[in-house]
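These notes concern the structure reproduced below.
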Amino acid sequence: MSGTVLPQNILISELSKINQAYPRIEKVLIVPDYQTGHQILEYVVRSGVSWINFTIATPTSLAIDLVEDEIISNNLELLSADINLIVVDTIFNSLSSSQVLTYFEKHPVNKGMIEALVRSISDLRICGISSKNIQQHSFVSPKKANDLTLLLAEYEKVLKKQKFIDTAELLNMALERVSTVTDKEKKFVVPHRFYLRGIVRTFVEKIASENMIVVAEDSAIGLVEPSDAWTVKEKAENLNAYSDSQRLKWLFDHDNPPKAFHDSSIEIFSAVGERNEIREVLRRIAKEKIKVDETELIYTDSGKYLDLIYFLCEKLGIPATFSNGISFNITRAGRALMNFLFWIKEDFREIHLRRILDSGTLKIKSEDEDNSESVFALGHLLRISGVGWGRERHSQILSQKIEESKKYRHEADDDELKGGNYYTRERKIKSYERLLNICTSLLTLIPNNDEEGKINFSKLCAGLLEFLNKYVKILDEYDAFFVARAKEIFSQLGTYLQEDMAFEEALGKLITIISNIRIKPSVPKPGCLHVAHYKSGARSGRTHTFIVGLDEGKFPERVMQDPVLLDEERKNLHSELELSQEKLHKNVYEMAALIASLRGKVRFSYSTYDAREERKTFPSSLLLQVFRIKEGNPNADYNEMQLALSQPVAFSGTGVNLDQTDWWLNKLVDGVSLKDGMGIVKEYFPGLKEGLFAAERRASDDFSEYDGKVTVKGSDVDPRENKNLVMSCSMIEMIARCPFAYFLKHLLLIYKPEEVEKDMTLWLSPAQRGTLLHEVFKLYAEQMCKESKSIGFDKQKKVVLDILDKTVQEFKEEIPPPSDVVFQSEFTQLKRDAEVFLKINERLETSPVMWEVSFGDNDETRASISLGDGTKISLRGRIDRIDKARESEYHVWDYKTGSSFGFDEKHYINGGTQIQHILYAEAAVKILQSVDKNAKVTRSGYILPTERGTKDGKGGILQKDVALKVKGQEALRIIFDIVKSGTFMRNVKNEGCNLCDYSEICDGESSQNQIKQKLGNEKNTKLQLWIRLKEYE
């Protein structure tokens, strides 16, 4: 890695001196973690000094070295942070369930509370406080004191029982083993800003003894050092400065810094939002031709910046290392596992399994294994299968689909067998079988809940381990890192938690712990930009540093009192328990000391806008101090800083093009104004050009192909000419309601995938409910026809309720209700609707002679419907009910089990959207005349057999005068003229649009207004057909 040798900061200078003073003596550098130690020693090397006989250690590693034999011989296990979280969570839930806790309450989501308890228990134990010596009078509430004592005592029991040792126990064991005779041939080097408290500090002091060397670091002049910093015996603060960036150590002592150099070693900029802020950082690196491995990017807020930096670097091909690692969800294996966990948690909702299939992460063995496209197709097949959710439904529905497909294949005629349909169906059967095999295999990994809703946690962890081992592809090093860490966690958890656990609690624990996995934390590497949080940054010794996120909302970050141990309680309990104000001061001090340690060029930035909260943001007070140092003006205020800074960087920056977005914006921006780039956009993007032209045409008052004007052949689309085209009532009414929807569904054959969504408040969808009631009404009619004589209402009620009960149970097996409460509620409503149906039956004063009469399924049963002008159409459908009124006189009825919206007595055909009664009446005549030559239909209409059918909750009958069928025939001719003319416009009224499958691709109110405008233009002759149709009420 090439780089410029910078003036040493104080830490590196002091380490160089120690190395020269003790070249042959082993020197142990004690640091918070190995990464920090490696960075410091590499910085030493970059400064031109070797680090002979230096080793790196942490307090924990030193303690383990001392007691490793005892750990092994007693089969002890060091408690990781992840497992510690689960231990405390389990203890809290157990004590809460036993109702022994009186202060801390269990809530549906306890993540924040558990994390706070883990911190508090650790703080107490590090300060030597246990359940036996905790001072209960130190708390603001006796109940709180009692609860914490119970939690500590149970924690101690669990550690002993499970043979776990936490950091406090490890250090206590090590303290007993520290030799009283100091090894004078070993020096222990401690950076003076390595903050330690309690027994950790005691252990370091004892193991180092007289051989401890506290090495000075750059400090924040003007700020009081945190109380747990180490004391430097001979602190040699370098009060010289050779650049403005070196003057930053006087950040909080702006009255005494050396004179400003104005050498551009400090820069400040602002940007509109964090994304633009990071893009500007990368632009400046590119513009100034800075090598990425000479650059460190330091951020303040992990949540706002970490993933953003990663994804931008990934997109732009910039190699980067991350000191604190990155989120697990950047890995495909991580996303696959999380989707698998959510699949289990949310009652096996198919969308989560579909996401795994779509990602291509799942290992699938089959004869078509190399065909990745077929694997992705399984996700679509699962989506349209109707599985929806539920462990049993996967097997049940997919098996049903296989049988349906095999039946279709078996019943296919010779023409189909010779054509491609057979082979398409054969492939579909294989795909369904493959999908069923995958679902069955995955479901066997997950243990069933018991009757109390509990799951065996150990078996669940074993199943997740098998999922990772057998089913998850490892596609890169990030996947490998994640899988290894996740497997380690599941192994530990499965061993620790053997008992059954509440299902929601178990999945909540696992999701929380997996979410905390960080991927590949790394030291700086050659050829890579290094990214670090300010609490772990500025150790790389690089010549260029960017510090982002210096707005008032991100730094200094808000530090609240610990919700478990309040500051007042901490003061009373132990002098070394850290208070909230001490944490806040330490954060500010650490940032100031970090800045003081930097050499080279330093750039500071902040975001001026919070997109999530849609508000302006303002610079941190720290940034004002930086500005004062930069300008050499200790009295500068915020107004002066804002005037001195250029405009916040928005979506175009310094003129450097990171990608196509920058190229376009830099071409279009002229100073502060935006050029008209429409011409060049149209030139380079023909698709956008066509789209813009379409928008212009839609906005005009001319009816064009962009509004639904299509050139068609009547012999193809008009059922009066195309005798192979068999219409249904719903198809005809769809044309009258929205020709555009008809065009998409029945001419282009575009279908919205059928997805079954689980609603915890709903058992049956409106369509399923209607199917159930139709089945009940049909079975009831069949039963009544078998009766030799009429029976009273009470007996009728018993018959219909018995039929309802049996039918409901059948539906319940196929469609499991979300809960018994929801089921009972809907079942009760169905019973009331059945009674409404019976009362309407009495009002009809007729008896059904035919029910569920299907016609038009083949050439022989098609109904030929006359349109009154010599033309005819073929019709198919299903008549719910035909009643006999008197000799050769019949009534035709259709059940409407939903609301009566759109149905009333004053409209006969309602602009063509209610025409079923006319068509079914004529079809019924042809069907009846096969058994009664003189049959005629004298009444036709709709039965509303449910409480929802009418406002009074009594249901109703809407009968239509069949003598007015000529009016319907005229409307029908216009409907088919609309189709023949290719006038497939959108609906003008917002009626039924919320139930339309195509509402998401329709512009809604905007498109309706455009069509209204075009209807007012008399030149649009084809639209006159629509106007004429709507005149038919």
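Here, each number is a calculation from the coordinates, and none is a lab measurement. Here the structure is a predicted model, which means the values were calculated and not measured. Note that we place each Cβ from the backbone using ideal geometry, even for glycine, and neighbour counts take in every protein chain shown.
A straight Cα-to-Cα reach below 18 Å connects K786 with the lysines K778, K795, K797, K798, K884, residues fewer than 8 places away in its own chain not being considered. Taking amide H as placed 1.01 Å from N in the peptide plane, the amide H of I750 sits under 5 Å from that of K745, each at least 5 places away or on another chain. Segment T661..S399, full-extension length gain: 89.4 nm, with 0.36 nm per residue of separation and the alpha-carbon distance subtracted. Here the gap between E690 and K1019, fully extended at 0.36 nm per residue and compared with their Cα-Cα distance, gives a gain of 116.0 nm. In the structure shown, the pairs K186/K520; K689/K1019; K428/K752; K752/K980 are assessed against 21 Å; a Cα-Cα span above that value is assigned to K186/K520; K689/K1019; K752/K980.
Reachable aspartates and glutamates from K713, Cα under 19 Å, same-chain residues fewer than 8 places away excluded? Cα-Cα hits under 19 Å: E705, E721, D977. For the pair K1012 and M678, label points projected 7 Å from Cα toward Cβ lie 2.6 nm apart.
When you filter the GluC sites (Glu not before Pro) in the range 165-223 for DSSP loop state and at most 12 other Cβ atoms inside 10 Å of their Cβ, you are left with E185. When you work out D = kT/(6 pi eta Rh) for the range 704-826 at 20 °C and 1.002 mPa s, using the Kirkwood radius from C-alpha pairs as Rh and the Stokes-Einstein form, the result is 114 µm²/s. Extending 7 Å from the Cα toward the beta-carbon at both E947 and E860 defines two label points whose distance is 4.6 nm. Globularity index of the range 329-519 is 1.15 (Cα radius of gyration / 2.2 N^0.38 Å, N = number of residues).
Cross-link partners of K259 among aspartates and glutamates, defined as those whose alpha carbon lies under 14 angstrom from its own and excluding same-chain residues fewer than eight positions apart: D244, E631.
Measuring max minus min along each principal axis, the C-alpha atoms of the range 844-952 give extents of 42, 31, 24 Å (largest first). A simple spin-label model places the labels of S930 and H38 8.3 nm from each other, with each point 7 Å out along Cα-to-Cβ. Summed over qualifying helices (DSSP H, 4 residues or more, each -39500 (n - 2.57)) and divided by its residue number, the chain shows a 222 nm mean residue ellipticity of -15000 deg cm²/dmol.
Distance check, please: which entries in K535/K616; K17/K304; K586/K630; K723/K933; K160/K535 exceed 29 angstrom between their Cα atoms? Those over the limit are K17/K304; K160/K535. Convex hull volume of the C-alpha atoms in the chain, normalised per residue: 242 Å³.
For the range 516-586, the set of trypsin sites (Lys or Arg not before Pro) satisfying both a DSSP loop assignment and a count of at most 11 other C-beta atoms within 10 Å is given as R558. As a proxy for reagent exposure, C313, C738 were ordered by neighbouring Cβ count within 10 angstrom, fewest first; the result is C313, C738. A Förster radius of 60 Å combined with the Cβ-Cβ distance from T771 to K473 puts the calculated FRET efficiency at roughly 0.90.
Of the GluC sites (Glu not before Pro) found in the range 798-849, those in coil by DSSP whose Cβ has at most 13 other Cβ atoms within 10 Å are E845. Volume of the convex hull of the range 77-162 (Cα atoms only), normalised per residue: 99 Å³. Per residue, the convex hull spanned by the alpha carbons of the range 29-146 comes to 174 Å³. With a sphere of radius 11 Å drawn around the Cβ of A21, what net charge do the other residues whose Cβ falls strictly inside it have (Lys, Arg +1; Asp, Glu -1)? Neighbourhood net charge equals +3.
Within the range 883-1033, the percentage of alpha carbon pairs spaced more than 18 angstrom apart rounds to 67%.
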